[in-house]
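Structure record follows, encoded as structure tokens.
The values are calculated or read from the model by the stated rules, or taken from the named source; none is laboratory data. Everything numeric here is computed off the predicted structure, so don't read it as measured data. Every residue, glycine as well, gets a Cβ built from its backbone with ideal geometry; the counts of neighbours run over all protein chains shown. For the accessible areas, the whole protein counts, side chains as well, though only heavy atoms, and no ligand, DNA or RNA atoms are used. Shrake-Rupley method; radii C 1.70, N 1.55, O 1.52, S 1.80 Å.
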Amino acid sequence: MTVYTTIDSPLGELLLVGETSATAKGGTALTSLSMPGQKGAAVVRDDWSRDDAAFDAIAAQLRSYFAGSLTHFEIEYVTGAGTDFQRKVWAAVDTVPYGTTTTYGRLAEQLGLSRAAVRALGTAIGRNPLLVVRPCHRVIGADGSLTGYAAGLERKRHLLDLETA
């Protein structure tokens, strides 16, 4: 069953969507975390059920992260979203440590992709359904510039500043 809730954050209201899971802390595996105005953001569907309590454990981790006291999420994700290539890219994004950044080029190199594939890698990162918890905000341009964040560069800057404070 698909459940959802919204929570306030320093980035604005977050929409959390998940599935019931016997193995996830709190009983919910996360499918999506999105924000208003985000490209490709989830939209609440009629067949979803609002269940604020189902996300208590996830919301607690997010609050701790935004307070600066959590550097690693322990959230179960629903697997199967995205293409094989996207999942490969997202797994690589998951390895970028808290408080650090990497570039699109370095990530492509890590995955054994050609320079020509950097654009495809960027597109895959842009389709990340789990903003904040899957740290695509830690991927920056080769010149150190902030580029390509589906929820806006101001939010990307906020997350990077939070992690380096």
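How many nm is it between the label spots at ARG50 and LEU146, if each spot is 7 Å from the Cα in line with the beta carbon?
3.1 nm
Kindly provide the Kirkwood hydrodynamic radius of the range 6-107 in Å, to one decimal, from all pairs of distinct alpha carbon atoms.
When all Cα pairs of the range 6-107 are included, the Kirkwood radius is 15.2 Å.
How high is the relative contact order of the chain, in percent, with contacts defined as C-alpha pairs under 8 Å that are six or more residues apart?
Reported relative contact order: 22 percent.
If I fit a long axis through the Cα atoms of helix 153-164 and take the longest principal axis of the Cα atoms of the chain, what angle between them do I get, 0 to 90°, rounded to 10?
Approximately 90 degrees, to the nearest ten.
For LYS39, tell me the accessible area in Å² from a 1.4 Å probe, rounded to the nearest 10.
150 Å²
Per DSSP H run of at least 4 residues, take -39500 (n - 2.57); add these up for the chain, divide by its residues and hand me the 222 nm value, nearest 500 deg cm²/dmol.
Result for the chain: -8500 deg cm²/dmol, rounded to the nearest 500.
Kindly express, to the nearest 10 degrees and within the range 0 to 90, the angle between helix 56-66's C-alpha long axis and the longest C-alpha principal axis of the chain.
Long axis of 56-66 versus the principal axis of the chain: about 40 degrees.
If you roll a 1.4 Å probe over the range 1-113 with all protein chains in place, what percent of the accessible area is carbon or sulfur?
51 percent
In whole angstrom, how far apart do the alpha carbon centroids of the range 14-87 and the range 100-143 sit?
Taking the Cα centre of the range 100-143 as reference, the centre of the range 14-87 is 21 Å away.
Per residue, what volume in Å³ does the Cα convex hull of the range 56-165 take up?
98 Å³
Taking only protein heavy atoms and a 1.4 Å probe, what accessible area per residue, in Å², does the range 50-165 have with all protein chains in place?
Normalised by residue count, the accessible surface of the range 50-165 is 50 Å².
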